[in-house]
1. Return the only residue of Asn118, Asn143 being surrounded by 16 or more Cβ atoms within 10 Å (Cβ to Cβ) and in the same structural domain as Ser235 (by TED's automatic domain parsing).
2. Any residue that is surrounded by fewer than 15 Cβ atoms within 10 Å (Cβ to Cβ), modelled with pLDDT under 95 and not charged (D, E, K, R) - is there at least one of those in the stretch 150-161?
3. I'd like to verify a number: residues in the stretch 143-172 that are of a type in the set (Gly, Ala, Ser) and either in a loop (DSSP other than H, G, I, E, B) or within 19 Å of Gln77 (Cα to Cα) (or both), how many?
4. Which of the residues belonging to the stretch 175-229 are over 14 Å from the mean Cα position of the chain (by Cα), among the β-branched types (Val, Ile, Thr) and crowded, with 19+ Cβ neighbours inside 10 Å?
5. State all residues of the stretch 234-255 that are among the small types (Gly, Ala, Ser), surrounded by fewer than 18 Cβ atoms within 10 Å (Cβ to Cβ) and in contact (Cβ under 8 Å) with a residue 40 or more places away in the chain; if no residue qualifies, say none.
6. Just a yes or no: is a residue in the stretch 48-70 modelled with pLDDT of 80 or more, under 27 Å from Arg131 (Cα atoms) and crowded, with 16+ Cβ neighbours inside 10 Å?
7. So which of Val175, Val119, Val140 is at pLDDT 95 or above and either part of a helix (DSSP H, G or I) or within 22 Å of Met66 (Cβ to Cβ) (or both)?
8. Would you be able to tell me the number of residues in the stretch 190-217 that are at pLDDT 90 or above, outside any strand (DSSP E or B) and not acidic (Asp, Glu)?
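The values are calculated or read from the model by the stated rules, or taken from the named source; none is laboratory data. All values reported here derive from a predicted model rather than from experimental measurement. All Cβ positions, glycine included, derive from the backbone under ideal geometry; neighbour counts span all protein chains shown.
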Amino acid sequence: MSFSDTKLQRVETGLQDLRSAGDLRKLLDRYGVTDEEEVDRLVATQRGAASQEWWTDHNGYLSSGMPRFLGIEAAAQEIRAYHPLLVFGLLQTDTYARTRHEMGKPIDETTTEFVDHNVRMRMKRKEALTRDEDPLRLWVVLNEPALRHVVGDGDLMREQYEEITRLASLDNVTVQILPQATRVYLCPHDFMILNLGDRMPRTVQVDTAFGTASIADKPKEVGRFSRRFEALSRSALPPEDTPAFLHRLSQEIEG
């Protein structure tokens, strides 16, 4: 075959699409599926399934690596994440996400349409935290500067603090804050560790300076980022302190 065993495993477990009809026909032949009507039906199913992914409508606005990441994220059972500079994406309000994108429009030369697509996509991804069946388990460590960086104005930030507090009250969501004055290990960039269950390896995602999503499931890399997260979590305030910390920030911030 023209691809690796790892890709085949991902395809067979539904974590990666097999876009090529030719590759699908070769696999079906290997699996002993030779009836032409059945083969044609499965090829048609493949084409239809690819067009039903909820992010398909946003493909023209996604950076390199993002479609693959969205497929992995959708299959994740648990995510552990760290962000030093901004509120983590799945904790953001619609207003925070939109305002942040609007601030970057003249610099990144993006359009209003691009902003709309990206905000809608982020809010759709966020629904995994509150779905009725098997909600996504999320554990986030936020660096204090990420919360003190004002996006918009004081009212917007207070709304954002309230949203983090609301989500942190869910049984499946844990939020810790790393105090700025703490003299401990500090990771300078954001990352996510995605747990896909027993059948697939854990995966790390890091945003690059070029706006792309870098993804790796090599044990060495996953182990390195796991140790980073554990160190950050040990240095951060306990989760039960998060509401009070956010309330204090809400009182301090100017209108």
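1. Numbers: Asn118 fails: in the same structural domain as Ser235 (by TED's automatic domain parsing).
Just a single option satisfies the conditions, and that option is Asn143.
2. yes
3. Filtering the stretch 143-172 down to residues of a type in the set (Gly, Ala, Ser) leaves 146, 152, 154, 168-169.
Those still in the list that are either in a loop (DSSP other than H, G, I, E, B) or within 19 Å of Gln77 (Cα to Cα) (or both) too: 152, 168-169.
Residues that pass the stated criteria total 3.
4. Val175, Ile177, listed by residue number.
5. Within the stretch 234-255, the first condition is being among the small types (Gly, Ala, Ser), and the residues that meet it are 235-236, 244, 250, 255.
So of that shortlist, the ones also surrounded by fewer than 18 Cβ atoms within 10 Å (Cβ to Cβ) come out as 235, 244, 250, 255.
Once the filter is applied, which keeps residues that are among the small types (Gly, Ala, Ser), surrounded by fewer than 18 Cβ atoms within 10 Å (Cβ to Cβ) and in contact (Cβ under 8 Å) with a residue 40 or more places away in the chain, the stretch 234-255 yields Ser235, Ser250, Gly255.
6. Residues of the stretch 48-70 that are modelled with pLDDT of 80 or more, as a first pass: 69-70.
Those still in the list that are under 27 Å from Arg131 (Cα atoms) too: 69-70.
Still in the running and crowded, with 16+ Cβ neighbours inside 10 Å: 69-70.
Scanning the stretch 48-70, I find at least one residue that is modelled with pLDDT of 80 or more, under 27 Å from Arg131 (Cα atoms) and crowded, with 16+ Cβ neighbours inside 10 Å, so the answer is yes.
7. Values: Val175 fails: either part of a helix (DSSP H, G or I) or within 22 Å of Met66 (Cβ to Cβ) (or both); Val119 fails: at pLDDT 95 or above.
Every option except Val140 fails the conditions.
8. Keep residues of the stretch 190-217 that are at pLDDT 90 or above, which gives 190-195, 202-206.
Next cut, outside any strand (DSSP E or B) only: 190, 202.
Narrowing the set further to residues that are not acidic (Asp, Glu) leaves 202.
The number of residues fulfilling the criteria is 1.
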